[in-house]
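Below is one structure, written out as structure tokens, with a few remarks after it.
The values are calculated or read from the model by the stated rules, or taken from the named source; none is laboratory data. Owing to the predicted nature of the structure, the values given are computational and were not obtained by experimental measurement. With ideal geometry, Cβ positions are generated from the backbone for all residues, glycine too; neighbour counts draw on all protein chains shown. The accessibility values were calculated without ligands, DNA or RNA, using every heavy atom of the protein model including side chains. Shrake-Rupley method; radii C 1.70, N 1.55, O 1.52, S 1.80 Å.
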Amino acid sequence: MTPGQTNAPNSTGTLPTLEELQHWTWVMGRAQQMLMEAALSPPPDGVPVVPGFNDPATMGRVRDFWSDSMKLWQRFVDPSAEPSPAPKPDRRFKAEQWQSPLFDWIRQSYQVVSDHMLRGVDALEGVDPKQKEQLRFAAQAFVDAMSPTNFPATNPEVLDKIVETRGENLLKGLQNMMADLGRGQLTHSDSRAFEVGRNLAATPGKVVKRNYLYELIQYAPTTEQVAAVPIVIFPPWINRFYILDLAPEKSLIKWLVDQGFSVFMVSWKSADATMKDVMWDDYVAAQVDAIDTVRDLLGVPSVHTVGYCVAGTTLAATLAYLSATGDAAKVASATFFTAQVDFSKAGELLHFVDDEQLKLIGALSPEGFLDGRYLAMTFNLLRGRDLIWNYVTNNYLLGRDYVPFDLLHWNGDVTNLPAKWHLAYLTDLYRDNLLMTPGAMTIGDVALDLTKVATPAYVQAGREDHIAPPESVWKITEAFTGPLRFVLAGSGHIAGVVNPPAAGKYQYWTNDQPAATLADFVAGARETKGSWWPDWADWLRDRDAATVAADGARVPGQGALPALDDAPGRYVRQR
């Protein structure tokens, strides 16, 4: 059969004839032969070799792409010619409707294109490594956005739902989308299911101090004796503190109190126009003030401190400041939850700190504070497949109801940030990495030098953390000079921290031998199933095992500081 005698590909749904199969087999074979010849032949005389266009490596990738595309088409035209490869694990395509020939072909076509696009970025030569990472991040975001699951016409689940509900799902989805547009924020969970003080942030306690930047919450003891050295926790000011006090069975705060610790929590104020001049010095001063307040209230010489994420970065600066001023003894120990001090390996957030993006952030803050919804969208973009497109499909296209989920409710409970300090944080730390250079950053007139910090430290990192990658968190071990315990926890930035022992989930790794790098640590590490919280509690007791009666000032409101409000206070409710 010659090319001019063939019929067009069958589009009626009937099986192709033998003649059609023979023709398309010939077409595919000829196309592969042409590509092979082109890939093996040098450009004609006078035609320059352009990297990324007609160089041998690029031509080879073009050949591979068309070869994979032809094989895919051949399997669609004649399923008996070659069995389809096993589908790649991908939750987006788990519904059985994706197994039908047409939608399986759509799925495979998408995966072929996306795989080759990402491989093409990886193969780029002569590109600055940072720029290459940005290109790959952008390419990944593009292929995630172009998934056939995100469009009604190419998602068989949506098509079935349209038929089943006679289009009601699209109306419900449109209602969900319009509500989100009105809020200026993507919804992840049924917000009506949760309320701080009722089933979130419900651990009993009192607000014992309030100033322009933070409230200090003291939690009520549940044991007759408590550890003599109290714990002061600094959560990140980019989120609400109750990530550490979710439902009672997940609450780190409740667990610590039940273990016999006196626990204090800083609840940061969501920024408004009155905080337009708040800077680095103010947050460090606030940490020192909270430490001194607890020391004075309980009459103790020192406290255990905890810094989570960005508050951990600030805690490192606070330790350097106290060391420089001769007050290091005020802190008995410092614990860091997924915190960074060296930002040279700070992960995907580095894609958002070039000069143009920083200029945009400045323009978004005309009143002196950055609306927390912008930051929420940034974090959603880091995991667009799970935190954006998954909800576009489920809640906009399928019109499903939102599922109550406390962690996702917290994720959407955004906090505004002081614009000047937020911009300086991104510039000085993420972009310029100044904290690792002794003397490059100051608090007032006091130069900071992390290498002078000898405070005992417990450093926790999440193995799958994309916000504070473990390689970046590890850098703390290279900065401090005091005794230090590094723990690598399973999961990521949130679940790696919020992992109550009763859940029996994940694992953690420890290594009692010296390790020069994270790879060395992992190579000699011992794995322990479950939560790392008990390991941390034992480490705290090893610093000081003394206990005191849980009365007097150890009870919120019964010391020198009267109770101002019940926990969780006012600031956590402000928008």
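Numbers below:
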{"read-out": "Failed condition for residue 415, given (1) open to solvent by 20 Å² or more (accessible area, probe 1.4 Å); (2) part of a loop (DSSP other than H, G, I, E, B)", "value": "(1)"}
{"read-out": "Every residue from the range 111-133 that is part of a helix (DSSP H, G or I) and open to solvent by 50 Å² or more (accessible area, probe 1.4 Å)", "value": "113, 117, 119, 122, 129, 130, 131, 132, 133"}
{"read-out": "Any hit, the range 390-412, residues being closer than 20 Å to residue 199 by Cβ and of a type in the set (S, T, N, Q)", "value": "yes"}
{"read-out": "Every residue from the range 418-457 that is open to solvent by 20 Å² or more (accessible area, probe 1.4 Å), of a type in the set (Ser, Thr, Tyr) and in a loop (DSSP other than H, G, I, E, B)", "value": "437"}
{"read-out": "Tally, over the range 477-491, of residues that are crowded, with 20+ Cβ neighbours inside 10 Å and in a loop (DSSP other than H, G, I, E, B)", "value": "2"}
{"read-out": "Selection from the range 523-550 of residues that are touching a strand residue (DSSP E or B) at 6+ places or on another chain (Cβ under 9 Å), acidic (Asp, Glu) and open to solvent by 80 Å² or more (accessible area, probe 1.4 Å)", "value": "527"}
{"read-out": "Matching residues, the range 184-208, being loosely packed, with under 14 Cβ neighbours inside 10 Å and touching a helix residue (DSSP H, G or I) at 6+ places or on another chain (Cβ under 8 Å)", "value": "184"}
{"read-out": "Any hit, the range 510-517, residues being touching a residue at least 60 places away in the same chain (Cβ under 8 Å) and acidic (Asp, Glu)", "value": "no"}
{"read-out": "Residue match in the range 185-193 (condition: small (Gly, Ala, Ser), touching a His at 6+ places or on another chain (Cβ under 8 Å), under 21 Å from residue 403 (Cβ atoms) and assigned to a helix (DSSP H, G or I))", "value": "yes"}
{"read-out": "Tabulated pairs, the range 265-282, first more than 23 Å from residue 446 (Cβ to Cβ), second part of a loop (DSSP other than H, G, I, E, B) and charged (D, E, K, R), C-beta under 6 angstrom, 6+ apart or interchain", "value": "273/367"}
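To keep it simple, each residue is scored yes or no on (1) over 27 Å from residue 285 (Cβ atoms); (2) of a type in the set (S, T, N, Q).
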| site | (1), (2) |
| --- | --- |
| 335 | no, yes |
| 343 | no, no |
| 358 | no, no |
| 373 | yes, no |
